[in-house]
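*Asks:* Sending over a structure as structure tokens; questions will come in a sec.
The values are calculated or read from the model by the stated rules, or taken from the named source; none is laboratory data. This is a predicted model, so every value here is computed, not measured. Methodologically, a virtual Cβ is constructed for each residue, glycine included, from the backbone with ideal geometry; neighbour enumeration extends over all protein chains shown. What goes into the accessible areas is simple: the full protein's heavy atoms, side chains included, and nothing from ligands, DNA or RNA. Shrake-Rupley method; radii C 1.70, N 1.55, O 1.52, S 1.80 Å.
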Amino acid sequence: MDDSLFLASWQGDRQWTRLDIHWISRTAMTRLLFSLLSVAALQAQAQSLPGTQPLEPNADFSATMVAGIDKMALRLIEESKATRKPDREKLKAILGMVDERLPIKALELFGTTAAPALLAETDTARIFRVRWPVFEGVHGEGIYIQPKEQAVARVIYIPDADTDPEKLANDAMLAYSGCEIILPALVGRGSEFSTNSKYGVKTNIPHREWIYRQAYELGRHIIGYEVQKTLALLDWFDTRPDKLPVLVAGLGEGGLVALCSGAVDERATSVYVWGHFAPREDVWSQPIYRNVFGLLRDFGDAEVASLIAPRHLVVQSLGFPKVQGPPEAREGERKVAAPGGITAPSLDSVKAEVARAQAIAPGGWLKLCNENDGTKEIVNHLLPAAVAGPLVERIQAITTQKNEQRVRVDPTRQERMVRELEAFTQRLLVTTEMERNEQFWKKLPLKSLPEYEAHTTKERERFWNEVIGRLPVPNLPVNARSRFVRETGKVSIHEITLDVWQDVFAWGWLCLPKDLKPGERRPVVVCQHGLEGLPEDVFNADPQSKAWGAYKAFALRLAEEHGCITFAPHNPYRGKDAFRTLQRKLNPLGLTLYSVINGQHQRILEWLKARPFTQPDKIAFYGLSYGGKSAMRTPAVLPGYCLSICSGDFNEWVRKCASTDMPMSYIHTQEYEIWEWNMGRTFNYAEMAALIAPRPFMVERGHNDGVGTDEWVNYEFAKVRRLYNKLQIGDRTMIEHFDGPHTINGVGTFEFLKAWLR
């Protein structure tokens, strides 16, 4: 209703009350507010770029983006259950079981004059400290219980990571059961040896994570290493003349190793898992040393268990270890361990996972036990009747006996096991480079650019699909929205969002020179921020700001001083644990943070190329730090970028991620999301640059940049220089060294852009 008409209807002899006046005033104010909002909407429409809808401001687009990606990741995890296809060779591959085991003829009695190998002897058994070869320089270690009479079965019983095998050896049922028993030791959850004494760097990283950090980048895994140690014992059993039933059992982390060992090797007659079997969709919240790339694409615990069928498996729903997180950092230690814990699942969830396993592989092979099930039921399910009957009688006869034998724990074993795996993994830095040379460099055709590009197109697909991880092409309408942010005398800056997938969008700032004429098309430089950065950081011209110190307002300068259009996308590596957890959720799906980022950049390129003011064949990429990391991984898979500049990041990347000898290595830092599965065996930075070739590629390197050393940066870039020269396009690549820190220099790189964007 019009306000004047509303007021007229109340005229006359009526006495107006204060309430009447308030009501009328409030109504008028409401109408005024609606009018103002309409004006604001019109202004917003006027400030939106042509072809876009108005964009509502958001207090934190970055947090909204991370939350949306998180929602998508959880949805994909849940959906994965419907499409899994368990396969033994796939399981071995994702556990990094690629190294040949050494032959084993006998267990080695392991001791000294101060600590003899023979630990105890009873009327029925001897207990020894032993070890056995697995790889060059790597041994399995543990306790061997040798019955004095003919053994009725062989048992590999793997304790939890925080349980010494000696504790289990003190169990009378084990010592006197008549079985030949080996109790392997696992790498533990302490942190005493997660350190490099050469540099005095001490951390609170659990030993299991310490090995995981080194191995993951090189296509190996702490779980795979320990499964290999278990399978080496099966190799030894094969050399024995008497072929007895073999039970592989485990508790807690040992249950995980036992489950995987039985799944990948059919020589295990039966498997007993105690304190591990449960739904695995929450693996991202568990300790990072359980992070297996691609696990949930094909495997939950049910799918792993199905590979044991029709052999028998017993699942015990008790005994789950309680791990609240990594060890607390002690004085002088870096607090850099990844978060993650282990809690006991509900019995209902365990039952549900067991039911899934039985649905995958029907039959009576799987038995779920609880505290009401006795030894007889368990043994009868696990071993043949001819063995189970006498064994149960023997165990029942000795359960009331008191075992006086106490086996002392070996205090030196844990450090020895950690150092052996560390030394083995560090040697892989050499052998994996040799693999890349054989599988990548020696296969490159260098006689013609068309032949080279045809070959690297296939390699690009391999990199994207198998290493980075690939999501479907963006499948939502673009739905571009924009709003004016601010302007200078030379440019106007607009905020842009683009839809990508359900719950996921791209966001960035677009900078347009004001002298852009109607119908004129100009090159675009995509300017990528680094870790914990925002799009606005690359436009910040305040010399006193932290952003200026790193970025030198390079997106603003390129637009104002060189007339380029610039676009600063937001990459979602912001929010500390919030974004690092994204990597944890994506990895089990065979995906990484760059699976999402590259999809967002697909959409950004699509939108930019369609703008009437851009040259679609002249869109360049220039990123600093984590943005330099993007400059390697995004143009390598998206040929829509016509060139790439990597600033403050180019490195001997695999070594930086896996070496314990480099002080700036990620082994010693809090970036626990940084490792990419199997990168060492497939694509280092030189190989990524080869996927960018023959497009121009440049490195910007400050001598004082602590992310690397000139020597290793130059070592890796030399491979790039050689490639471009071999292809007779040596002018398309360069490296600029400047006397400065971790920052944009903006001298040689600006000239490089000018030369190739003309």
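*Asks:* To the nearest 20 debye, what is the magnitude of the charge dipole of the chain about its Cα centre, counting +1 on the Cβ of each Lys and Arg and -1 on the Cβ of each Asp and Glu?
*Replies:* It comes to approximately 1180 debye.
*Asks:* Give the distance, in whole Å, between the Cα centre of the range 689-706 and the Cα centre of the range 544-598.
*Replies:* The distance from the Cα centre of the range 689-706 to that of the range 544-598 comes to 17 Å.
*Asks:* Just round it to a whole percent: the fraction of Cα-Cα distances in the range 433-482 exceeding 17 Å.
*Replies:* When all Cα pairs of the range 433-482 are counted, 56 percent exceed 17 Å.
*Asks:* For Tyr199, what accessible area in Å² do you get when you roll a 1.4 Å probe over the heavy atoms of the protein chains, rounding to the nearest 10?
*Replies:* 100
*Asks:* Here's something else I'd like to know. Once Rh for the range 514-587 is found with the Kirkwood sum over Cα pairs, what is the Stokes-Einstein diffusion coefficient at 37 °C and 0.692 mPa s, in µm²/s?
*Replies:* It diffuses with D of about 237 µm²/s by this estimate.
*Asks:* Past the 27 angstrom mark, what percentage of all C-alpha to C-alpha distances in the range 153-310 do you count?
*Replies:* 27
*Asks:* Which three extents, in angstrom, do the Cα atoms of the range 217-267 have along their principal axes, listed largest first?
*Replies:* 41, 24, 13
*Asks:* Would you mind working out the accessible area per residue for the chain, using a 1.4 Å probe, and quoting it in Å²?
*Replies:* 41
*Asks:* Then there is this: How do 590-597, 543-550 rank on mean C-beta neighbours within 10 Å, highest first?
*Replies:* The peptides rank, most packed first, as 590-597, 543-550.
*Asks:* With r defined as the distance between the Cβ atoms of Lys335 and Leu531 and R0 fixed at 22 Å, what FRET efficiency is calculated, to the nearest 0.05?
*Replies:* Efficiency, from the Cβ-Cβ distance: 0.75.
*Asks:* Let me ask another. Using the C-alpha gyration tensor of the range 237-350, what are the square roots of 5 times its eigenvalues, in whole angstrom, with the largest one first?
*Replies:* 30, 17, 14
*Asks:* May I pose another question? Can you give the charge dipole size of the range 116-197 about its Cα centre, rounded to the nearest 20 debye, using +1 on the beta carbon of Lys and Arg and -1 on the beta carbon of Asp and Glu?
*Replies:* 140
*Asks:* Between Glu100 and Arg758, what is the FRET efficiency for a Förster distance of 51 Å, r being their Cβ-Cβ separation, to the nearest 0.05?
*Replies:* 0.40
*Asks:* Using only the alpha-carbon atoms of the range 368-501 as identical scatterers, what base-10 log of I(q)/I(0) does the Debye formula give at q = 0.13, 0.22 Å⁻¹?
*Replies:* Results for the range 368-501 at q = 0.13, 0.22 Å⁻¹ read -0.95, -1.27.
*Asks:* Another one. Could you run the Debye sum over the Cα atoms of the range 440-543, one equal point scatterer each and no solvent, and tell me log10 of I(q)/I(0) at q = 0.11, 0.22 Å⁻¹, two decimals?
*Replies:* Reported log10 I(q)/I(0), two decimals: -0.62, -1.19.
*Asks:* Using all Cα-Cα distances in the range 96-201, what percent lands in each 5 angstrom bin from 0 up to the longest?
*Replies:* The distribution over the range 96-201 is 2, 11, 18, 20, 20, 14, 9, 4, 2, 1, 0, given as percents.
*Asks:* For the range 646-657, what does the Karplus curve 6.51 cos²θ - 1.76 cosθ + 1.60, with θ = phi - 60°, yield as ³J(HN,Hα) per residue in whole Hz, taken in order and with x for Gly and Pro?
*Replies:* 3J(HN,Hα) across the range 646-657, in whole Hz: 9, 10, x, 8, 3, 7, 7, 4, 4, 5, 4, 7.
*Asks:* Next up: How big is the chain along each principal axis, measuring the range of its Cα positions in Å and listing the largest first?
*Replies:* 108, 87, 50
*Asks:* Taking the Cα centre of the range 524-650 as origin and charging only Cβ (+1 Lys, Arg; -1 Asp, Glu), how large is the dipole, in debye to the nearest 20?
*Replies:* In debye, rounded to 20, the range 524-650 gives about 420.
*Asks:* If you don't mind, another one. Full-extension gain between Asp542 and Gln47, please, as 0.36 nm times their residue separation minus the C-alpha to C-alpha distance.
*Replies:* 175.7 nm
*Asks:* Report in % the part of the accessible area of the range 612-681 that belongs to carbon and sulfur, leaving out ligands and nucleic acids; probe 1.4 Å.
*Replies:* Ligands and nucleic acids excluded, carbon and sulfur give 48 percent.
*Asks:* Mind jotting down the three principal axis lengths of the range 466-525 based on Cα atoms? Whole angstrom, largest first.
*Replies:* Cα spread of the range 466-525 along its principal axes, largest to smallest: 45, 22, 21 Å.
*Asks:* Continuing with the same structure: With all distinct Cα pairs included, what does the Kirkwood hydrodynamic radius of the range 310-435 come out to in Å, to one decimal, could you say?
*Replies:* 20.0
*Asks:* Can you give the Rg and Dmax of the range 622-718 based on its C-alpha atoms, in angstrom?
*Replies:* Spelled out, the Cα radius of gyration and Dmax of the range 622-718 are 12.7, 38 Å.
*Asks:* Long-range amide H contacts for Cys369: which residues qualify at under 5 Å (H placed 1.01 Å from N, peptide plane, sequence gap of 5 or more or a different chain)?
*Replies:* Val315, Gln316, Ser317
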